[in-house]
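The values are calculated or read from the model by the stated rules, or taken from the named source; none is laboratory data. Model, not experiment: these values are computed from the prediction. Using ideal geometry, Cβ is built from the backbone for each residue, glycine included, and neighbour counts are taken over all protein chains shown. Remember, those area values only see protein heavy atoms, side chains included, never the ligands or the DNA or RNA. Shrake-Rupley method; radii C 1.70, N 1.55, O 1.52, S 1.80 Å.
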Amino acid sequence: NVYGTLIELDNAPTWRGDEGSTYQAWEFNAFPNDQTAIAPDDIQNDFGGATLGVTAEAVLQPIYQNRLGVWRVNSLGNMHIDIQNTDNTGLDTWKEIWLQIIYKDPGGVGSDVSIVTDPLFAFTPGALQRMDRDPLADGYFLDTYKIILEPNPPEERIELRSIQENVYISAVAVDTKCIPEPASICLLGLGVLGLLRKRRA
């Protein structure tokens with residue numbers, strides 16, 4: 001039973017689709033023309049685009065243990081995701097990222113995938129936590145991570161690395177939400193403007 005995996009990325013945040021949020025997801029059922037900028041298979045992003053890339057050390061396997069399109073990433077390389085986002089970058093803003101990864105490690109025991117964000121200054125200590133680990137068929141796992149970037153950057157890069165010899169990545173999804181939302185900031189600005197007008201009057 002060989003199958004794709006995008007449908008299994010079902011651990012969505014409650015705020016998906018809200019104002020100021022984005023969603024992008026990849027499964028790897030076809031060889032890309034350019035493995036440095038792979039377009040999402042599903043995307044909802046009003047702020048721009050998103051791409052996923054892998055370094056030269058990564059190898060796409062058409063079928064790996066009953067799954068279509070699995071990237072083998074070793075400890076020398078990485079998979080990276082670049083997402084364009086809102087220009088709302090005030091010091092009092094932050095971004096919540098909900099990251100889902102379907103993967104398998106050689107031992108089948110679900111060792112953590114190493115995660116790095118850029119800009120690094122926005123990745124504050126303690127701002128990364130694994131929310132869930134769900135075992136899937138054939139020794140794969142679905143891990144869900146929550147990441148907080150503060151202040152909110154206009155775009156971000158998330159790097160996935162192996163902490164051992166190889167890790168096999170079958171699908172990835174990223175949700176982001178700007179806090180406060182752009183609409184909320186506009187309303188706040190209007191409120192301040194109204195207050196200033198009253199004082200002048």
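Just a few scattered comments:
- ³J(HN,Hα) computed for each position of segment 162-176 - Karplus, 6.51 cos²θ - 1.76 cosθ + 1.60, integer Hz, glycine/proline x: 8, 9, 9, 4, 9, 9, 10, 10, 9, 6, 9, 9, 9, 10, 10
- Expressed as a whole percent, the accessible area of segment 20-98 that falls on carbon and sulfur atoms is 49 (1.4 Å probe).
- The HN-Hα couplings worked out from phi for segment 75-88 by the Karplus form 6.51 cos²θ - 1.76 cosθ + 1.60 (θ = phi - 60°) are 5, 8, x, 7, 10, 10, 10, 10, 10, 7, 8, 4, 7, 6 Hz, whole numbers, x standing for Gly and Pro.
- List D41, D175, ordered by accessible area with a 1.4 Å probe, largest first: D41, D175
- Per residue accessible area of segment 1-121, 1.4 Å probe, in Å²: 47 Å²
- In order along segment 146-160, the Karplus-derived 3J(HN,Hα) couplings, from 6.51 cos²θ - 1.76 cosθ + 1.60 at θ = phi - 60°, round to 10, 10, 10, 10, 8, x, 5, x, x, 7, 9, 10, 10, 10, 10 Hz, and Gly and Pro are given as x.
- Cα gyration tensor shape of segment 8-95, rounded if a/c is under 1.5, else prolate or oblate by comparing a/b with b/c: prolate
- Linear extension gain, W15 paired with D134, 0.36 nm per residue minus alpha-carbon span: 40.8 nm
- Under the combined filter of DSSP loop state and at most 10 neighbouring Cβ atoms within 10 Å, segment 1-65 retains none of its chymotrypsin sites (Phe, Trp or Tyr not before Pro).
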